[in-house]
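The values are calculated or read from the model by the stated rules, or taken from the named source; none is laboratory data. Because the structure is predicted, anything quoted here is derived from the model rather than measured. For neighbour counting, all protein chains shown are included, and Cβ atoms are generated from backbone atoms with ideal geometry for every residue, glycine included. For accessibility, only protein heavy atoms count, side chains too; no ligands or nucleic acids. Shrake-Rupley method; radii C 1.70, N 1.55, O 1.52, S 1.80 Å.
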Amino acid sequence: MNLKDFFSPIDIASITPKHGFYTSHMAANMQIYVSDFPDLEETDIAIIAIAEDRQSVDNQGCALGSTYIREKFYTLSQGDFTMRLADLGTIIQGATVRDTYVALYTIVDELIRKNIVPIIIGGSQDLTYAQYLGYQQLDKKVNLLVIDSHLDIDDVEDDAEATSISYLNKIITHEKGNLFNFCNLGYQTYFVDQKILSILEKLYFDAYRLGEITDDITKAEPLIRDADMISFDISSIRSSEANGHANASPNGFYGDQACRLTRYAGMSDKLSSIGFYEYNPAYDNQKQTAFLIAQMIWYFIEGYYNRKNDLPQDLKREFTKYRTTIKNTDHELVFFKSRKTDRWWMQIPYPSNKSKNERFHLVPCTYADYQLAVNSEMPDRWWKTYQKLI
(Lines give C-alpha, C1' and ligand atoms only; values in the text may rest on other atoms or scores of the structure.)
Protein backbone atom coordinates (compact mmCIF):
# COMPACT_ATOMS: atom_id res chain seq x y z
CA MET A 1 0.00 0.00 0.00
CA ASN A 2 1.30 3.45 -0.93
CA LEU A 3 -0.19 6.03 1.43
CA LYS A 4 1.00 8.80 -0.85
CA ASP A 5 -1.83 7.95 -3.24
CA PHE A 6 -4.39 9.18 -0.71
CA PHE A 7 -2.90 12.65 -0.29
CA SER A 8 -2.45 15.87 -2.17
CA PRO A 9 0.74 17.84 -1.34
CA ILE A 10 0.78 21.06 0.63
CA ASP A 11 0.98 24.46 -1.07
CA ILE A 12 3.69 25.62 1.28
CA ALA A 13 4.19 28.95 -0.49
CA SER A 14 0.66 30.09 0.35
CA ILE A 15 1.23 29.75 4.10
CA THR A 16 4.88 30.75 4.40
CA PRO A 17 5.31 34.09 6.21
CA LYS A 18 7.03 36.94 4.38
CA HIS A 19 10.18 36.52 6.46
CA GLY A 20 10.16 32.77 5.87
CA PHE A 21 10.41 30.14 8.56
CA TYR A 22 13.00 30.47 11.30
CA THR A 23 15.17 27.50 12.19
CA SER A 24 13.28 27.22 15.50
CA HIS A 25 9.88 26.99 13.81
CA MET A 26 7.99 23.70 13.69
CA ALA A 27 8.00 23.85 9.88
CA ALA A 28 11.80 23.84 9.84
CA ASN A 29 12.00 20.77 12.06
CA MET A 30 9.51 18.40 10.46
CA GLN A 31 8.87 16.58 7.22
CA ILE A 32 6.25 18.28 5.02
CA TYR A 33 4.76 16.73 1.91
CA VAL A 34 5.48 19.40 -0.69
CA SER A 35 7.13 17.29 -3.40
CA ASP A 36 8.58 14.22 -1.68
CA PHE A 37 6.32 12.17 0.55
CA PRO A 38 7.62 11.94 4.13
CA ASP A 39 9.67 8.94 5.22
CA LEU A 40 7.38 7.09 7.61
CA GLU A 41 10.32 5.14 9.03
CA GLU A 42 11.49 8.46 10.48
CA THR A 43 8.06 9.48 11.83
CA ASP A 44 6.46 9.19 15.28
CA ILE A 45 3.51 11.53 14.72
CA ALA A 46 1.75 12.30 11.43
CA ILE A 47 -0.55 15.24 10.76
CA ILE A 48 -3.40 14.35 8.40
CA ALA A 49 -5.62 17.08 6.96
CA ILE A 50 -9.00 16.18 5.53
CA ALA A 51 -11.27 18.39 3.45
CA GLU A 52 -14.68 16.82 4.05
CA ASP A 53 -17.83 18.42 5.41
CA ARG A 54 -20.63 16.97 3.29
CA GLN A 55 -22.20 15.38 6.38
CA SER A 56 -21.80 18.47 8.52
CA VAL A 57 -25.01 19.75 10.09
CA ASP A 58 -25.20 23.56 10.08
CA ASN A 59 -21.42 24.07 9.88
CA GLN A 60 -20.55 23.76 6.20
CA GLY A 61 -17.16 25.27 5.50
CA CYS A 62 -15.23 23.29 8.10
CA ALA A 63 -13.63 21.33 5.25
CA LEU A 64 -11.44 24.39 4.63
CA GLY A 65 -9.96 24.66 8.11
CA SER A 66 -6.70 22.75 7.81
CA THR A 67 -4.85 25.42 5.81
CA TYR A 68 -5.44 28.02 8.52
CA ILE A 69 -4.37 25.62 11.27
CA ARG A 70 -1.17 24.80 9.40
CA GLU A 71 -0.40 28.46 8.85
CA LYS A 72 -0.39 29.04 12.61
CA PHE A 73 1.16 25.73 13.63
CA TYR A 74 4.15 25.93 11.32
CA THR A 75 5.32 29.19 12.90
CA LEU A 76 5.25 27.94 16.49
CA SER A 77 8.67 27.28 18.00
CA GLN A 78 9.78 23.75 18.68
CA GLY A 79 9.81 22.94 22.36
CA ASP A 80 12.44 21.25 24.46
CA PHE A 81 12.10 17.94 22.68
CA THR A 82 13.49 16.24 19.61
CA MET A 83 10.59 15.34 17.37
CA ARG A 84 9.98 13.10 14.40
CA LEU A 85 6.92 14.82 13.01
CA ALA A 86 5.52 14.69 9.49
CA ASP A 87 2.68 16.46 7.72
CA LEU A 88 1.38 13.97 5.15
CA GLY A 89 -0.77 16.47 3.27
CA THR A 90 -4.51 16.60 2.67
CA ILE A 91 -6.67 13.57 2.01
CA ILE A 92 -8.21 13.85 -1.41
CA GLN A 93 -11.98 14.05 -1.06
CA GLY A 94 -13.67 10.95 -2.40
CA ALA A 95 -16.45 10.85 -4.99
CA THR A 96 -18.75 10.04 -2.06
CA VAL A 97 -18.46 10.58 1.67
CA ARG A 98 -18.03 6.83 2.09
CA ASP A 99 -15.00 6.96 -0.20
CA THR A 100 -13.48 9.59 2.07
CA TYR A 101 -14.22 7.42 5.10
CA VAL A 102 -12.46 4.47 3.44
CA ALA A 103 -9.41 6.61 2.77
CA LEU A 104 -9.25 7.91 6.34
CA TYR A 105 -9.74 4.58 8.08
CA THR A 106 -7.23 2.89 5.78
CA ILE A 107 -4.64 5.54 6.64
CA VAL A 108 -5.38 5.40 10.37
CA ASP A 109 -5.09 1.60 10.35
CA GLU A 110 -1.78 1.68 8.47
CA LEU A 111 -0.22 4.38 10.65
CA ILE A 112 -1.21 2.71 13.92
CA ARG A 113 0.31 -0.56 12.69
CA LYS A 114 3.53 1.38 12.10
CA ASN A 115 3.33 2.84 15.64
CA ILE A 116 2.73 6.31 14.23
CA VAL A 117 0.15 8.51 15.97
CA PRO A 118 -2.15 10.31 13.51
CA ILE A 119 -3.33 13.84 14.29
CA ILE A 120 -6.40 14.53 12.12
CA ILE A 121 -7.25 18.17 11.40
CA GLY A 122 -10.12 19.68 9.47
CA GLY A 123 -13.55 18.47 8.48
CA SER A 124 -16.75 17.64 10.33
CA GLN A 125 -17.05 15.39 13.34
CA ASP A 126 -18.72 12.51 11.50
CA LEU A 127 -15.14 11.70 10.46
CA THR A 128 -14.77 10.31 13.99
CA TYR A 129 -16.65 7.28 12.64
CA ALA A 130 -13.97 6.73 10.00
CA GLN A 131 -11.24 7.29 12.62
CA TYR A 132 -12.91 4.58 14.72
CA LEU A 133 -13.15 2.20 11.75
CA GLY A 134 -9.37 2.42 11.50
CA TYR A 135 -9.26 0.15 14.58
CA GLN A 136 -11.54 -2.57 13.19
CA GLN A 137 -8.81 -4.81 11.80
CA LEU A 138 -6.54 -4.49 14.83
CA ASP A 139 -8.41 -7.14 16.81
CA LYS A 140 -8.63 -5.07 19.96
CA LYS A 141 -11.29 -3.44 22.05
CA VAL A 142 -11.42 0.33 21.72
CA ASN A 143 -12.00 3.10 24.25
CA LEU A 144 -13.33 6.24 22.58
CA LEU A 145 -13.22 9.62 24.32
CA VAL A 146 -15.05 12.61 22.84
CA ILE A 147 -14.63 16.17 24.04
CA ASP A 148 -17.89 17.85 23.08
CA SER A 149 -20.64 20.05 24.51
CA HIS A 150 -23.22 17.80 22.83
CA LEU A 151 -23.79 14.05 22.74
CA ASP A 152 -23.99 13.30 19.03
CA ILE A 153 -26.53 10.50 19.19
CA ASP A 154 -29.37 11.75 17.02
CA ASP A 155 -32.73 10.04 16.60
CA VAL A 156 -32.20 8.65 13.09
CA GLU A 157 -32.91 5.45 11.19
CA ASP A 158 -30.43 2.62 11.80
CA ASP A 159 -29.35 2.60 8.15
CA ALA A 160 -28.98 6.39 7.89
CA GLU A 161 -25.62 7.85 6.97
CA ALA A 162 -23.49 9.20 9.79
CA THR A 163 -23.64 12.96 10.27
CA SER A 164 -21.82 15.34 12.56
CA ILE A 165 -24.69 15.02 15.07
CA SER A 166 -25.37 11.27 14.75
CA TYR A 167 -22.02 9.54 14.14
CA LEU A 168 -22.07 8.01 17.63
CA ASN A 169 -25.11 5.94 16.59
CA LYS A 170 -22.91 4.24 14.00
CA ILE A 171 -20.08 3.63 16.44
CA ILE A 172 -22.18 2.31 19.31
CA THR A 173 -24.23 0.00 17.08
CA HIS A 174 -21.39 -1.12 14.82
CA GLU A 175 -21.82 -4.80 14.00
CA LYS A 176 -18.28 -5.79 14.90
CA GLY A 177 -18.86 -4.48 18.39
CA ASN A 178 -15.28 -3.68 19.39
CA LEU A 179 -16.19 -0.53 21.33
CA PHE A 180 -15.43 -1.27 24.97
CA ASN A 181 -16.03 2.16 26.45
CA PHE A 182 -17.30 5.55 25.38
CA CYS A 183 -16.58 8.64 27.45
CA ASN A 184 -17.76 12.20 26.87
CA LEU A 185 -16.02 15.14 28.50
CA GLY A 186 -17.68 18.53 28.80
CA TYR A 187 -21.30 18.02 27.81
CA GLN A 188 -23.66 20.89 28.63
CA THR A 189 -27.00 19.69 29.97
CA TYR A 190 -29.17 22.17 28.04
CA PHE A 191 -27.79 20.67 24.80
CA VAL A 192 -28.49 17.05 25.76
CA ASP A 193 -31.63 14.92 25.63
CA GLN A 194 -31.93 13.27 29.05
CA LYS A 195 -33.00 10.03 27.39
CA ILE A 196 -29.55 9.81 25.80
CA LEU A 197 -27.91 10.09 29.20
CA SER A 198 -30.12 7.24 30.39
CA ILE A 199 -29.04 5.11 27.43
CA LEU A 200 -25.36 5.76 28.18
CA GLU A 201 -25.92 4.85 31.81
CA LYS A 202 -27.52 1.54 30.83
CA LEU A 203 -24.53 0.78 28.60
CA TYR A 204 -22.17 1.64 31.49
CA PHE A 205 -20.62 4.42 29.44
CA ASP A 206 -19.34 7.69 30.91
CA ALA A 207 -20.44 11.29 30.48
CA TYR A 208 -19.11 14.23 32.49
CA ARG A 209 -20.66 17.67 32.63
CA LEU A 210 -18.56 20.67 31.74
CA GLY A 211 -18.61 22.04 35.28
CA GLU A 212 -17.54 18.73 36.76
CA ILE A 213 -14.37 18.79 34.65
CA THR A 214 -13.58 22.51 34.76
CA ASP A 215 -13.90 22.61 38.56
CA ASP A 216 -10.87 20.33 38.67
CA ILE A 217 -9.30 19.70 35.26
CA THR A 218 -7.07 16.97 36.72
CA LYS A 219 -10.17 14.74 36.89
CA ALA A 220 -9.89 14.42 33.11
CA GLU A 221 -6.38 12.94 33.18
CA PRO A 222 -7.21 9.29 34.04
CA LEU A 223 -10.20 9.37 31.67
CA ILE A 224 -7.96 10.53 28.83
CA ARG A 225 -5.25 8.06 29.89
CA ASP A 226 -7.76 5.25 29.36
CA ALA A 227 -8.62 6.26 25.77
CA ASP A 228 -7.31 4.68 22.58
CA MET A 229 -8.67 7.50 20.42
CA ILE A 230 -9.96 11.03 20.98
CA SER A 231 -12.32 13.20 18.97
CA PHE A 232 -12.21 16.90 19.91
CA ASP A 233 -15.11 19.08 18.76
CA ILE A 234 -13.85 22.66 18.65
CA SER A 235 -17.31 23.95 19.59
CA SER A 236 -16.71 22.55 23.10
CA ILE A 237 -14.45 25.58 23.66
CA ARG A 238 -16.25 28.80 24.63
CA SER A 239 -16.78 31.32 21.84
CA SER A 240 -14.72 34.03 23.53
CA GLU A 241 -11.71 31.71 23.13
CA ALA A 242 -12.64 30.01 19.85
CA ASN A 243 -15.43 31.40 17.69
CA GLY A 244 -14.50 29.43 14.56
CA HIS A 245 -17.73 27.45 14.43
CA ALA A 246 -21.19 28.29 13.11
CA ASN A 247 -22.74 27.30 16.44
CA ALA A 248 -20.11 28.54 18.87
CA SER A 249 -21.46 28.80 22.41
CA PRO A 250 -20.66 31.31 25.20
CA ASN A 251 -19.91 28.44 27.58
CA GLY A 252 -17.27 25.76 27.27
CA PHE A 253 -13.65 25.05 28.06
CA TYR A 254 -11.17 27.90 28.25
CA GLY A 255 -8.27 27.84 25.82
CA ASP A 256 -5.67 26.93 28.44
CA GLN A 257 -7.90 24.09 29.65
CA ALA A 258 -8.19 22.76 26.09
CA CYS A 259 -4.40 22.81 25.82
CA ARG A 260 -4.08 20.98 29.11
CA LEU A 261 -6.50 18.28 27.90
CA THR A 262 -4.47 17.73 24.75
CA ARG A 263 -1.23 17.58 26.74
CA TYR A 264 -2.81 14.85 28.86
CA ALA A 265 -3.70 13.09 25.61
CA GLY A 266 -0.17 13.32 24.29
CA MET A 267 1.24 11.94 27.54
CA SER A 268 -1.02 8.88 27.48
CA ASP A 269 1.00 5.79 26.55
CA LYS A 270 -2.21 4.15 25.34
CA LEU A 271 -3.60 6.85 23.03
CA SER A 272 -2.95 6.11 19.36
CA SER A 273 -4.96 8.75 17.43
CA ILE A 274 -6.60 12.14 17.92
CA GLY A 275 -8.85 14.23 15.70
CA PHE A 276 -9.68 17.95 15.84
CA TYR A 277 -12.99 18.57 14.08
CA GLU A 278 -15.57 21.25 13.23
CA TYR A 279 -13.24 24.25 12.93
CA ASN A 280 -14.82 26.65 10.42
CA PRO A 281 -12.59 29.52 9.24
CA ALA A 282 -15.60 31.47 7.93
CA TYR A 283 -16.45 32.42 11.51
CA ASP A 284 -12.94 32.74 12.90
CA ASN A 285 -12.19 36.31 13.96
CA GLN A 286 -8.52 37.12 13.22
CA LYS A 287 -7.77 33.38 12.95
CA GLN A 288 -7.75 33.07 16.73
CA THR A 289 -9.40 29.64 16.70
CA ALA A 290 -6.83 28.35 14.22
CA PHE A 291 -4.13 29.72 16.51
CA LEU A 292 -5.61 27.95 19.52
CA ILE A 293 -5.91 24.63 17.68
CA ALA A 294 -2.29 24.98 16.58
CA GLN A 295 -1.28 25.46 20.22
CA MET A 296 -3.41 22.47 21.27
CA ILE A 297 -1.58 20.34 18.72
CA TRP A 298 1.74 21.71 20.00
CA TYR A 299 0.82 20.66 23.54
CA PHE A 300 -0.20 17.22 22.31
CA ILE A 301 3.22 16.79 20.68
CA GLU A 302 5.00 18.05 23.79
CA GLY A 303 3.00 15.57 25.86
CA TYR A 304 3.88 12.75 23.48
CA TYR A 305 7.59 13.40 23.88
CA ASN A 306 7.13 13.42 27.64
CA ARG A 307 5.49 10.01 27.81
CA LYS A 308 6.70 8.06 30.83
CA ASN A 309 6.13 4.51 29.56
CA ASP A 310 4.48 3.48 32.79
CA LEU A 311 1.69 1.30 31.43
CA PRO A 312 1.13 -1.40 34.07
CA GLN A 313 3.31 -4.28 32.87
CA ASP A 314 5.89 -5.19 35.48
CA LEU A 315 3.65 -4.63 38.50
CA LYS A 316 6.00 -6.08 41.07
CA ARG A 317 9.00 -3.93 40.19
CA GLU A 318 7.44 -0.66 39.04
CA PHE A 319 4.24 -0.30 41.09
CA THR A 320 3.17 -0.18 44.69
CA LYS A 321 0.12 -2.33 45.43
CA TYR A 322 -2.73 -1.31 47.75
CA ARG A 323 -5.66 -3.46 48.86
CA THR A 324 -8.96 -2.49 50.45
CA THR A 325 -12.40 -4.00 50.88
CA ILE A 326 -15.93 -2.69 50.52
CA LYS A 327 -18.17 -3.44 53.48
CA ASN A 328 -21.09 -5.80 52.88
CA THR A 329 -19.72 -6.94 49.51
CA ASP A 330 -17.46 -9.73 48.28
CA HIS A 331 -15.27 -7.29 46.41
CA GLU A 332 -11.66 -6.66 47.31
CA LEU A 333 -10.43 -3.59 45.49
CA VAL A 334 -6.80 -3.57 44.40
CA PHE A 335 -5.00 -0.40 43.36
CA PHE A 336 -1.56 0.18 41.87
CA LYS A 337 0.51 3.35 42.06
CA SER A 338 3.35 3.95 39.63
CA ARG A 339 6.66 4.57 41.39
CA LYS A 340 7.78 6.48 38.32
CA THR A 341 4.90 8.98 37.95
CA ASP A 342 2.64 8.55 41.01
CA ARG A 343 -0.26 7.80 38.65
CA TRP A 344 -2.91 5.35 39.84
CA TRP A 345 -4.70 2.32 38.35
CA MET A 346 -7.38 0.07 39.78
CA GLN A 347 -7.64 -3.64 39.09
CA ILE A 348 -10.93 -4.96 37.73
CA PRO A 349 -11.59 -8.72 37.89
CA TYR A 350 -12.88 -10.34 34.71
CA PRO A 351 -13.96 -13.88 33.75
CA SER A 352 -11.16 -16.06 32.42
CA ASN A 353 -13.19 -16.86 29.30
CA LYS A 354 -13.04 -13.20 28.27
CA SER A 355 -9.31 -13.02 27.76
CA LYS A 356 -9.71 -10.58 24.85
CA ASN A 357 -10.53 -7.95 27.45
CA GLU A 358 -7.46 -8.67 29.53
CA ARG A 359 -5.90 -5.30 28.80
CA PHE A 360 -8.82 -3.68 30.64
CA HIS A 361 -7.72 -5.57 33.71
CA LEU A 362 -6.24 -2.30 35.00
CA VAL A 363 -8.14 0.95 34.63
CA PRO A 364 -6.60 4.40 35.17
CA CYS A 365 -7.95 6.22 38.20
CA THR A 366 -7.07 8.89 40.75
CA TYR A 367 -5.93 8.91 44.33
CA ALA A 368 -9.46 10.13 45.13
CA ASP A 369 -10.83 6.80 43.82
CA TYR A 370 -8.52 4.97 46.20
CA GLN A 371 -9.69 7.18 49.07
CA LEU A 372 -13.32 6.36 48.22
CA ALA A 373 -12.55 2.64 48.40
CA VAL A 374 -10.72 3.05 51.70
CA ASN A 375 -13.88 4.71 53.03
CA SER A 376 -15.87 1.69 51.78
CA GLU A 377 -17.39 3.51 48.79
CA MET A 378 -17.32 1.86 45.38
CA PRO A 379 -15.67 4.07 42.70
CA ASP A 380 -18.16 4.59 39.89
CA ARG A 381 -15.74 3.68 37.10
CA TRP A 382 -14.74 0.47 38.89
CA TRP A 383 -18.35 -0.65 38.96
CA LYS A 384 -19.09 0.33 35.34
CA THR A 385 -16.01 -1.47 34.06
CA TYR A 386 -16.82 -4.55 36.13
CA GLN A 387 -20.34 -4.66 34.67
CA LYS A 388 -18.94 -4.59 31.12
CA LEU A 389 -16.57 -7.47 31.89
CA ILE A 390 -18.90 -9.93 33.61
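Some points to look at:
- Residue in the range 3-58 that is farthest from LEU127 (Cα to Cα), counting only those that are under 23 Å from the mean Cα position of the chain (by Cα) and hydroxyl-bearing (Ser, Thr, Tyr): THR43
- SER66 passes every criterion in (1) free of Cβ contacts under 8 Å to residues at least 60 places away in the same chain; (2) of a type outside the set (A, V, I, L, M, F, W, C); (3) open to solvent by 50 Å² or more (accessible area, probe 1.4 Å) apart from (3).
- The range 265-282 - residue that is among the hydrophobic types (A, V, I, L, M, F, W, C) and over 17 Å from ASP233 (Cα atoms) and, of those, surrounded by the most Cβ atoms within 10 Å (Cβ to Cβ): LEU271
- Every residue from the range 123-143 that is open to solvent by 10 Å² or more (accessible area, probe 1.4 Å), more than 25 Å from ALA51 (Cα to Cα) and among the aliphatic types (A, V, I, L, M): LEU138
- Condition met for ASN247 (under 23 Å from ARG54 (Cα atoms), of a type outside the set (Val, Ile, Thr), free of Cβ contacts under 8 Å to residues at least 60 places away in the same chain and open to solvent by 10 Å² or more (accessible area, probe 1.4 Å)): no
- Output for the range 293-325, where each listed residue is surrounded by fewer than 19 Cβ atoms within 10 Å (Cβ to Cβ), touching an Asp or Glu at 6+ places or on another chain (Cβ under 9 Å) and of a type in the set (A, V, I, L, M, F, W, C): LEU311
- Any chance ALA13 is in a helix (DSSP H, G or I) and free of Cβ contacts under 8 Å to residues at least 40 places away in the same chain: yes
- Only one entry in ASP36, ASP5, ASP58 is part of a helix (DSSP H, G or I) and surrounded by fewer than 16 Cβ atoms within 10 Å (Cβ to Cβ), namely ASP5.
- Among residues of the range 145-195 being within 23 Å of SER239 (Cβ to Cβ) and β-branched (Val, Ile, Thr), the one that is surrounded by the fewest Cβ atoms within 10 Å (Cβ to Cβ) is THR189.
- Count of residues meeting criterion [closer than 19 Å to ASN143 by Cα and either over 21 Å from the mean Cα position of the chain (by Cα) or open to solvent by 40 Å² or more (accessible area, probe 1.4 Å) (or both)] in the range 198-208: 5
- Remark: pairs (first residue in the range 93-107, closer than 16 Å to PRO118 by Cα and open to solvent by less than 70 Å² (accessible area, probe 1.4 Å); second residue assigned to a helix (DSSP H, G or I) and aromatic (Phe, Trp, Tyr); Cβ separation under 6 Å; 6+ apart in sequence or on different chains) = ALA103/PHE6; ILE107/PHE6.
- Test: residue in the range 210-233 that is open to solvent by 30 Å² or more (accessible area, probe 1.4 Å), within 23 Å of SER66 (Cβ to Cβ), not in a helix (DSSP H, G or I) and not small (Gly, Ala, Ser): no
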